[in-house]
Amino acid sequence: MWWDQRVSARFRRNLQPTLTYWSVFFSFGLCIAFLGPTLLDLRCQTQSSLSQITWVFFSQQFCLLLGSCLGGVFKRTLAQSLLALFASSLAISLVFAIIPLCHNVVVLAVVMAVAGLAMGCIDTISNMQLVKIYQKDSAIFLQALHFFVGFGALLSPLIADPFLSDTNCILSNGTANASSNLPHIRKSLLPHHPGNLSRYDLPMKGMVVTRVSYAFWIMALINLPVPIAVFFLLYKERMVPCFNGSSHPLLSADELALETRPGDKDELSTSAQRPHTAAASHEDLFSCCQSKNFRGASFTYFAVHITGALVLFMTDGIVGEYSGFVYSYAVEEPLAVVHKVAGYLPSLFWGFITLGRLISIPVSYRMKPATMVFINVVGVLITFLLLLIFSSSVVFLFVGTASLGLFLSSTFPSMLAYTEDILQYKGCATTVLVTGAGIGEMVLQLLVGSIIHDRGSYSFLVCGMIFGCLAFTFYALLVFFHRMYPKPSPELDEASPEKAAEPEDTGQYQR
């Protein structure tokens, strides 16, 4: 195997929880990507206007952000985390099953808000639990985790595609012209930015003819094994209330990684000396803001959290704005790409993000997270610079889209692993970074949409270049604050939030 025996043994020891967290992130990816392609069919199902149906986007994104903030609430015990993951993954299957029954746009928005909350909890908890289990070895497992979200995001549009309407799915008089532009309208729909689609007169009343319900029911069935896998993990750890006949102590995630097995007793005795370590870290966003957590903290403690979150604010914002607007940019002058050809660009972008995450799994074992983030942000900068230079080349637009997907693919897991390493797993990095990334993806997409509307399609690349420069600047500041951050010292007060504890005696690979 390309990794060493110690990491391999640790993975085998935590095989079931690791695979469970990966599968839950597949649910996250499955749910995050289906809405764009199916939105026109859902407009027909709810008999709503284009501007009304885009509110469904916003309800999902806003509640995803809210769920990310609240996800840390469930970290206090492993039981709470797993129960939250079970409820969230089950809610996603139920959402898929219920969507075909929503014939009112407000009801659909509420259902998608529930899905957003579930996705936010999954995002925070899954990242947090893997970091707790593997700590210094977490980078490789975080890369795999984010590969599964990319895989799910690729799969759901493929499932939906055969069931999407080729013509207008509300039959009424005079719909032929609008029907011929349906693929273009579908690719151009974005949250609160239907763009200049108002010239297309799509009917709101008439007979609804759409088969998209089958796609949602198929996705509900595909996702169903995920909550079952979480339930089996709960059952194995004797955390299912109705099946827990004995008073089994709740294990923290750190203890789960070091549970008593042949040859592991020394590791468990070491972790047992610090029973409150996991409980003292990884607070939810609101607990992080309590004054007691600031007591004795240095300036660099806050700076590491803030700069790490700002890097992801920019890079995840680039993912949102590029995937959302690259089609609209391609079909406008001067490129004027044919609508059908331009439609491949978002798929190409997400495909290379998924490929990049797959490649990053072995790479992250040999390369430090800080180095990977540096390569990512520099690669994003260079790609946008070349896209601006060759802005009239259709071929380079496709090459640049693939390159951008590769460089952005591993930024989030690498940044998370790097920041957690700096803070020695004692801060609120996971929750703060997940929240920052979620805010960036929502805010920058809205911002770029407004700028494109006012300044034209070329501003799409200019905005990307500016965001890339800011991401690199914030990364440089993070490296600077890393050098200033206090080194691990056993003399530091146990209660201090900046305490950098000595690594546990688990034989972990020190990057």
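Each value in this text was obtained by applying a stated rule to the coordinates, not by laboratory testing. Since we're looking at a predicted model, the values are computed, not measured.
Things to note:
- Each residue of the range 440-446 was assigned a 3J(HN,Hα) from its phi angle through the Karplus curve 6.51 cos²θ - 1.76 cosθ + 1.60 (θ = phi - 60°); the sequence is x, 5, 7, 6, 5, 5, 5 Hz, with glycine and proline shown as x.
- Full extension of the segment from CYS469 to LEU15, taken as 0.36 nm per residue of separation minus the current Cα-Cα distance, would add 159.5 nm.
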